[in-house]
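Enquirer: Here you go, one structure.
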Amino acid sequence: MIEITDANFAAEVLESDIPVLVDFWAVWCGPCRAIAPTVEEIAVEYAGKAKVGKVDVDNNQAIAAQYGIRSIPTLLIFKDGHVAQQFVGVVPKQQLTDALNTQLVTA
């Protein structure tokens, strides 16, 4: 799992040649902690096929503002530098993996 910051966002996400699942979260957010194990599992399962990273919205407000993150957890799937899909709140793992698989098929 990659720690994504304002400084490395472009290199890690926008310039990635594989899909990227980005989890916008904060330490104090209960639902963020609830979905964290799912996001970590996906990171392991998709290693080499897709990137998975986390953005701490308290420490990286520029990225959060740029993508209009108003509620966390918000998970965005980027492909070719653009948001391909967005999920807000705690969503089932299957929903996230289905979305990632869709992006991998169209890669």
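Enquirer: Does region 74-95 contain any residue that is touching a helix residue (DSSP H, G or I) at 6+ places or on another chain (Cβ under 8 Å), without any contact (Cβ under 8 Å) to a residue 24 or more places away in the chain, assigned to a strand (DSSP E or B) and under 11 Å from PRO19 (Cβ atoms)?
Expert: There is at least one residue in region 74-95 that is touching a helix residue (DSSP H, G or I) at 6+ places or on another chain (Cβ under 8 Å), without any contact (Cβ under 8 Å) to a residue 24 or more places away in the chain, assigned to a strand (DSSP E or B) and under 11 Å from PRO19 (Cβ atoms).
Enquirer: Name the pairs: first residue in region 37-65 and under 21 Å from ALA10 (Cβ atoms), second residue in a helix (DSSP H, G or I), Cβ to Cβ under 6 Å, at least 6 apart or on different chains?
Expert: ALA50/LEU100; VAL52/ILE42; VAL52/ALA43; VAL55/ILE63; VAL57/ALA64; ILE63/PHE9
Enquirer: For region 70-93: of the residues being β-branched (Val, Ile, Thr) and over 12 Å from the mean Cα position of the chain (by Cα), which is farthest from PHE24 (Cα to Cα)?
Expert: Looking at residues that are β-branched (Val, Ile, Thr) and over 12 Å from the mean Cα position of the chain (by Cα), I get VAL91.
Enquirer: Determine whether ALA34 is closer than 18 Å to GLU3 by Cβ and either in a helix (DSSP H, G or I) or more than 14 Å from the chain's Cα centre (by Cα) (or both).
Expert: When the stated conditions are applied, ALA34 does not pass them.
Enquirer: In addition: I need a count of the residues in region 3-15 that are within 13 Å of the chain's Cα centre (by Cα) and either farther than 18 Å from VAL44 by Cα or at pLDDT below 95 (or both).
Expert: Count: 3.
Enquirer: Can you name every residue in region 3-54 that is surrounded by fewer than 16 Cβ atoms within 10 Å (Cβ to Cβ), farther than 18 Å from VAL91 by Cβ and in contact with a Lys or Arg (Cβ under 9 Å, 6 or more places away or on another chain)?
Expert: Across region 3-54, the qualifying residues are GLU3, ILE18, VAL27.
Enquirer: Which of the residues spanning region 58-73 are touching a helix residue (DSSP H, G or I) at 6+ places or on another chain (Cβ under 6 Å) and among the hydrophobic types (A, V, I, L, M, F, W, C)?
Expert: ILE63, ILE72
Enquirer: Could you please let me know if LEU21 is touching a residue at least 60 places away in the same chain (Cβ under 8 Å) and closer than 12 Å to THR74 by Cα?
Expert: Against the criterion (touching a residue at least 60 places away in the same chain (Cβ under 8 Å) and closer than 12 Å to THR74 by Cα), LEU21 qualifies.
Enquirer: VAL88 versus (1) surrounded by fewer than 20 Cβ atoms within 10 Å (Cβ to Cβ); (2) over 19 Å from GLU41 (Cα atoms); (3) among the aliphatic types (A, V, I, L, M): which is the lone unmet condition?
Expert: (2)
Enquirer: Test each condition in (1) outside any strand (DSSP E or B); (2) modelled with pLDDT of 95 or more; (3) within 19 Å of ILE4 (Cα to Cα); (4) not hydroxyl-bearing (Ser, Thr, Tyr) for ARG70 and report the one that comes out false.
Expert: (2)
The values are calculated or read from the model by the stated rules, or taken from the named source; none is laboratory data. The shown structure was predicted, so the numbers you read here are calculated from the model rather than taken from an experiment. Quick reminder, even Gly has a Cβ in these numbers, built from the backbone with ideal geometry, and neighbours come from all protein chains shown.
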